[in-house]
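One structure is given below, encoded as structure tokens.
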Amino acid sequence: MVARAEPRTLAEKVWESHVVRRAEGEPDLLYIDLHLVHEVTSPQAFDGLRNAGRRVRRPDLTLATEDHNVPTLLIDRPIADPVSRTQVEALRKNCAEFGVPLYPLGSDDQGIVHVVGPQLGVTQPGMTVVCGDSHTSTHGAFGALAFGIGTSEVEHVLATQTLPLKPFKTMAITVEGELPADVTAKDLILAVIAEIGTGGGQGYVLEYRGGAIEKLSMEARMTICNMSIEAGARAGMIAPDATTFDYLRGRPKAPSGSDWDAAVHWWSSLPTDPGAVFDREVVIDASRLRPFVTWGTNPGQGLPLSAAVPDPAQIADPAARSAAERALEYMDLVPGTPLSEIGVDTVFLGSCTNGRIEDLRAAAAILQGRRVADGVRMLVVPGSVRVRLQAESEGLDQVFTGAGAEWRHAGCSMCLGMNPDQLAPGERSASTSNRNFEGRQGKGGRTHLVSPQVAAATAVTGRLTSPADLAGIPGSSTVNA
Amino acid sequence: MEKFTTHSGRVLPLRRSNVDTDQIIPAVYLKRITRDGFEDGLFAAWRKDPDFVLNLPRYQGATVLVAGPEFGTGSSREHAVWALQNYGFRVVISPRFADIFRGNSLKGGLLTVELPEDVVERIWALTDSDPDAEVTVDLQSRTVDFANESVDFDLDDYARWRLLEGLDDVGLTLRHTDSVDAFESARPSWMPRTVA
Ligand code: SF4
């Protein structure tokens, strides 16, 4: 990404507009417009500042919330696990000492950091956004350059509001055609990852473009950009357009009046210029996609739900074959078993991938008038308190609890099982989160990644099920929203 | 940060690809608020198996981890780097690293070296026949030496210089505060702030 008069990509424009300092043989020093902070990856960074006698340069461009570690039940009581409590208390103490605004447990703006930023309107096109969390890529849905950083970098941004960075390469993922009615953004991104592999995006910023992407809502775009990291990419981006502006207008931190006009003027100049060259291009035909689920222990090990568990013996590449063998052993699956016959114990609806209001609405529409199967536990964990309140105002909580699901408070919850929401060893879940790694949702737990719609249908039958296969199982098709 | 110039040590062969950060250190071990003590969590789930390579007596004291491709995929947790360092590793060799893990490791002084798959295979084969065989990683010359081989590796000059000097990025950037001030004064006033 060097300065040039030629046509430029969205990512190059955002990069160039944030270079604070460029010197031969050194990484560019980039300005950071927004730094999101949570309890798990920040304590050592604040300690670093304290030890060096440094302050936070721009507390007003920094925002903290509590999400990874917090319970989703009994949130008005002190956190039961003393180690979790210490970490959350450390964040509160650090934010108070350094003047960083914090939305703690109990606040109406608490929630998963990547749900909170967009809903406040603090994530905007053309910005650089970082957080000590890999799914910061979510914010790229707005046309921001947003990426996860480690704790040393968290300290660097706190102290300087900048980061030294080597340029990324650019990859266009063009999704042509139209998504079939029962195929969601989650299915699309799982299919993209299966296509390019968990290392396919390494070193790249992905730009999702094409007709199928332009038609997506902001929430669906966030689902897509969220999982860019599962393809190995640093960031994913989507060009800002009328959908983006409509989402932002009127949000608490969005500009207003003449500022709004100035902002829209700049935002409108950001999309990739015609003729701009990407380092790599991938084209996907949306019309051929089907509901997609993972069968293995990395997010690239996925297939259409109508397929069967693959046979490692048929995989030519030796590394992929042994990875598949290991995965099937861990997942306790037999090659040739139809995916739709895999039974689950738990359904998890939530996370920064699929814990927003549209996700809850889609799942509730399927559960309305139906029951969660006997022996299946379904956890519904809104991505933020605002999502929870909105869902309650629409009666969605009643649909979930009426079907036999648990309605929880906001947080990361079973996405990573740092709080008490975990799978027991050997338990199997259908999960709307983003990682099916061994033990991710609890030691020995087995995870199948799915869309909210597949999660809801799976809850009804107790085995991996696409909503279309619920025909014949009575239920109402709409929710009173 | 501790300087890194050259390191010789025995090898732990980890014959797996896609070793993700949840395997390197599961989330339940991330609750500590210090930078040390994370060795307990290193490969915690796999370590339950007495036959897991980390538990084999022949590899005790190894300081160079040699793994399959896509090492360190997953979360941005720098705890993964700390866990490896706290346990005693100084170098990780893999055909390919996830970007964030690689960035974290180089900032924290854990040298990550990308070598082609066939070289990784040869190092594994060497340690199979002789678990005491040493690998030498020289950052000055950017070479890895083992048995009778010497293989070059890539690392950009800037990252190499920082590691050789043991320099802290924050200190380096604070030398350019004037540039940051100038950039800030030109930012549009409508850009969002998190406090009212
Ligand atoms: S919901 Fe999951 S992926 Fe998202 S920030 Fe929380 S732990 Fe990370």
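The values are calculated or read from the model by the stated rules, or taken from the named source; none is laboratory data. Every value quoted in this text rests on a predicted model; they were computed, and no experiment measured them. Note: ideal-geometry Cβ built from the backbone for every residue, glycine included; neighbour counts use all protein chains shown.
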The conditions are (1) at pLDDT 95 or above; (2) over 19 Å from the mean Cα position of the chain (by Cα); (3) closer than 25 Å to A:Ser431 by Cβ, and A:Met227 fails exactly one of them. Which is it? (2)
If A:Pro118 satisfies all but one of (1) farther than 25 Å from A:Arg54 by Cα; (2) in contact (Cβ under 8 Å) with a residue 24 or more places away in the chain; (3) more than 14 Å from the ligand (Cβ to nearest atom); (4) not aliphatic (A, V, I, L, M), what's the number of the condition it fails? (3)
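Any chance you could count how many residues in the stretch B:79-116 are basic (Lys, Arg) and either away from chain A (no Cβ under 11 Å) or in a loop (DSSP other than H, G, I, E, B) (or both)? Working first, answer last.
We begin by selecting, within the stretch B:79-116, every residue basic (Lys, Arg); these are B:90, B:96, B:102, B:107.
Of the ones still in play, those that are also either away from chain A (no Cβ under 11 Å) or in a loop (DSSP other than H, G, I, E, B) (or both) are B:90, B:96.
Count: 2.
Within the stretch A:16-64, track down each residue that is more than 16 Å from the ligand (Cβ to nearest atom), part of a loop (DSSP other than H, G, I, E, B), among the hydroxyl-bearing types (Ser, Thr, Tyr) and under 27 Å from A:Gly111 (Cα atoms). Don't jump to the end; show me each part of the working.
Within the stretch A:16-64, the subset more than 16 Å from the ligand (Cβ to nearest atom) is A:16-33, A:43-62.
Filter once more, keeping what is part of a loop (DSSP other than H, G, I, E, B): A:17-18, A:22-27, A:32-33, A:53-58.
When the remaining residues are screened for being among the hydroxyl-bearing types (Ser, Thr, Tyr), the result is A:17.
Selection gives nothing.
Listed here are the residues, each with its yes/no results for (1) farther than 18 Å from A:Lys443 by Cα; (2) exposed (fewer than 14 other Cβ atoms within 10 Å of the Cβ).
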| residue | (1), (2) |
| --- | --- |
| B:Thr21 | no, no |
| B:Ile25 | no, no |
| B:Leu30 | no, no |
| B:Arg35 | yes, no |
| B:Phe38 | no, no |
| B:Gly41 | no, no |
| B:Ala44 | no, no |
| B:Phe52 | no, yes |
| B:Gly61 | yes, yes |
Considering residues of the stretch A:426-470 that are of a type in the set (S, T, N, Q) and more than 16 Å from the ligand (Cβ to nearest atom) only, the residue nearest to the chain's Cα centre (by Cα): A:Gln453
Is the stretch B:119-136 home to any residue that is farther than 26 Å from B:Leu56 by Cβ and surrounded by 17 or more Cβ atoms within 10 Å (Cβ to Cβ)? no
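Being aliphatic (A, V, I, L, M), under 19 Å from the mean Cα position of the chain (by Cα) and away from the ligand (no atom under 16 Å from the Cβ) narrows it down to one of A:Ile196, A:Ile149, so name that one. So that I can check it myself, show each step before the final result.
On the way: A:Ile149 fails: away from the ligand (no atom under 16 Å from the Cβ).
The conditions single out A:Ile196.
On the given criteria, is A:Ile173 assigned to a helix (DSSP H, G or I), touching a residue at least 12 places away in the same chain (Cβ under 8 Å) and more than 11 Å from chain B (Cβ to nearest Cβ)? Break it down stepwise before answering.
Details: assigned to a helix (DSSP H, G or I): no; touching a residue at least 12 places away in the same chain (Cβ under 8 Å): yes; more than 11 Å from chain B (Cβ to nearest Cβ): yes.
Answer is no for this residue.
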Return the residue satisfying two criteria in turn: it lies in the stretch A:133-146 and is within 16 Å of the ligand (Cβ to nearest atom) and not in a helix (DSSP H, G or I), and of such residues it is nearest to A:Leu270 (Cα to Cα). A:Ala146
If we keep just the residues of the stretch A:364-384 that are buried (at least 24 other Cβ atoms within 10 Å of the Cβ) and more than 16 Å from the ligand (Cβ to nearest atom), which is nearest to A:Ala471 (Cα to Cα)? A:Ile366
